[in-house]
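As structure tokens, the structure follows; a few thoughts come after it.
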């Protein structure tokens, strides 16, 4: 029995008070050896095509900041979030990306590393970035304040965007499935059809959110140099 609606996202499976649900974040590693069982195969070509497209896009976004291997971090971030988003759509698998514990840890560590690198190695550019070109002198203090606040809330917005989108779809599917026992038999088919449509939508959201967090992280890194 759920104590509240959000308890479906709580890590409750445990042995000796160790939350085992978080082990689902490592399930993505099981997909890696599959690519090497038979080379070349369709799975290998498809995933390699996606990674090359992402590499070229991240390379373009980084511009002058690109160096060999710099896109690997953002491609890994995309893959990690994508696997966890998709695995959360399967029954009895814990959705780790629906918790701020994981999403905020990722976004905060990335943001801190970008800020420390930028302020230590290129502090003049960081100061210049706070005042857009052509800003009137009277508005400069306000622009500095606005840009500072905007910069400080970036890790929070990255984490909340991912978490909220993952929670919203799961909650809607849970609420609809909970109405099943109370519906007449002829409404069950409609409910199943709606749930399938929601599952397709959640699959699209899983891809889009992993792409968004990778793209935004790339853009943030390109601003510090």
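For the stretch 33-45: of the residues being out of contact with any helix residue (DSSP H, G or I) (no Cβ under 7 Å at 6 or more places or on another chain) and surrounded by 11 or more Cβ atoms within 10 Å (Cβ to Cβ), which is modelled with the lowest pLDDT? My answer is 41.
Go through the stretch 117-146 and give me each residue that's out of contact with any helix residue (DSSP H, G or I) (no Cβ under 6 Å at 6 or more places or on another chain), within 13 Å of residue 220 (Cα to Cα) and either modelled with pLDDT of 80 or more or not in a helix (DSSP H, G or I) (or both). Break it down stepwise before answering.
Step one: filter the stretch 117-146 for residues out of contact with any helix residue (DSSP H, G or I) (no Cβ under 6 Å at 6 or more places or on another chain), giving 117, 120-125, 127-129, 132-134, 136-146.
Filter once more, so that each one left must be within 13 Å of residue 220 (Cα to Cα): 117, 129.
Of everything in the stretch 117-146, just one residue is out of contact with any helix residue (DSSP H, G or I) (no Cβ under 6 Å at 6 or more places or on another chain), within 13 Å of residue 220 (Cα to Cα) and either modelled with pLDDT of 80 or more or not in a helix (DSSP H, G or I) (or both), namely 117.
Taking the criterion of being closer than 15 Å to residue 166 by Cα, assigned to a helix (DSSP H, G or I) and in contact (Cβ under 8 Å) with a residue 12 or more places away in the chain, would at least one residue in the stretch 104-112 satisfy it?
yes
The values are calculated or read from the model by the stated rules, or taken from the named source; none is laboratory data. Because the structure is a prediction, the values reported are computed rather than measured. Ideal geometry is used to build each Cβ from the backbone, glycine not excepted, and the neighbour counts take in all protein chains shown.
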